[in-house]
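Engineer: Pasting in a structure now, in structure tokens, and then I'll have a few things to ask.
What follows draws every value from the coordinates through simple rules; no lab data is involved. All of these numbers come straight from a predicted model, not from anything done at the bench. Positions of Cβ are backbone-derived with ideal geometry, glycine not excepted, and every protein chain shown enters the neighbour counts.
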Amino acid sequence: MKPALMAAALLLLYGGTAEADIYAYTDSSGVVHLTNVPAGNDRYRMVMRTPKMAVAVARADFNRVARRRYQGLIHAAANRYQVSSALINAVISAESGYNAGAVSPKGAVGLMQLIPATALRFGVANVFSPTDNINGGTAYLAHLLRIFSGDLKLAVAAYNAGSNAVIQAGYHVPPFAETQAYVPRVLAYYQHYLNGGGTVSGENRQPVANAAPQLIQVSNP
């Protein structure tokens, strides 16, 4: 494979991932298979090691194409749980930047960054599945909105810090630096989407298939 072609393929594969060590193997037909998710396939060998990106970096430039593609799932969850689609989009924007494979240092996973206990509580079978993750995260938001009587600020704070932290703070945003920064960021996204920013309400509402490992095949000259 020509170096320029390999470099281009690696850039495509690397884009949008928080950590993307690159693995490759060449099959009997001369096709080079590249992936960042070898999934136990012993034919793959690491060809490039990349540093782990901070989750905040991945969130900063969220994937606008993915945002459009996920609107069908978001609107379905909004209708199912009676939660504003603008709020769901706001949480996803702040949590993962629409990266279904995002994993935080604390172990939160997927579009809505569900921790294992929350995923289990709300019946999420596969946290990397956009459908399951969005449904679980939206169910959790609906639950928090009920606990805090529809108070958006407190529900968003609880999504980040936990409902007990909000209650122990006297039904105020807890005095944690992360939560204090998180709440206004989510609310700003919410207002942006509520006002039609990013054309979320009119974007493609067709459901999308569950995310699959990123794989590029390139012919070996």
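Engineer: As an exercise, use a Förster radius of 41 Å and the Cβ-Cβ distance of residue 164 and residue 195 to find the FRET efficiency, rounded to the nearest 0.05. Could the numbers behind the result be given before it?
Structural biologist: Details: r = 33 Å, r/R0 = 0.80.
Between residue 164 and residue 195 the formula returns 0.80.
Engineer: Could you compute the net charge surrounding residue 136? Neighbours are other residues with a C-beta less than 14 Å from the C-beta of residue 136; K and R count +1, D and E count -1. Could the numbers behind the result be given before it?
Structural biologist: On the way: positive: 80, 121; negative: 95, 132.
Its environment carries a net charge of 0.
Engineer: In nm, to one decimal, how far is the modelled label at residue 125 from the one at residue 176, with both set 7 Å along Cα→Cβ?
Structural biologist: Each label point is offset 7 Å from its Cα along the Cβ direction, giving 3.1 nm.
Engineer: Further, regarding this structure: Towards the positive end of the charge dipole of segment 56-202, with charges on Cβ (+1 Lys, Arg; -1 Asp, Glu), say which of 170, 150, 78 has the farthest Cα.
Structural biologist: 78
Engineer: Calculate one ³J(HN,Hα) per residue across segment 94-99 by plugging θ = phi - 60° into the Karplus curve 6.51 cos²θ - 1.76 cosθ + 1.60, and present them in order as whole Hz with x for glycine and proline.
Structural biologist: In residue order, the calculated couplings are 6, 7, 10, x, 6, 9 Hz.
Engineer: Treat every Asp and Glu Cβ in segment 56-202 as -1 and every Lys and Arg Cβ as +1, leave all other atoms uncharged, and give the resulting dipole magnitude about the Cα centre to the nearest 20 debye.
Structural biologist: On the way: 11 positive and 5 negative charges, 44 e Å.
Dipole about the Cα centre, nearest 20: 220 debye.
Engineer: What is the packing order of peptides 180-193, 106-119, taking the mean over residues of other C-beta atoms within 10 Å and listing the highest first? Walk me through the intermediate numbers first.
Structural biologist: Values: 180-193: 17.1, 106-119: 19.9.
So the order, starting with the most tightly packed, is 106-119, 180-193.
Engineer: Computed on alpha carbon atoms, what radius of gyration and Dmax characterise segment 56-202, expressed in Å?
Structural biologist: My reading of the Cα-based Rg and Dmax gives 13.9, 40 Å.
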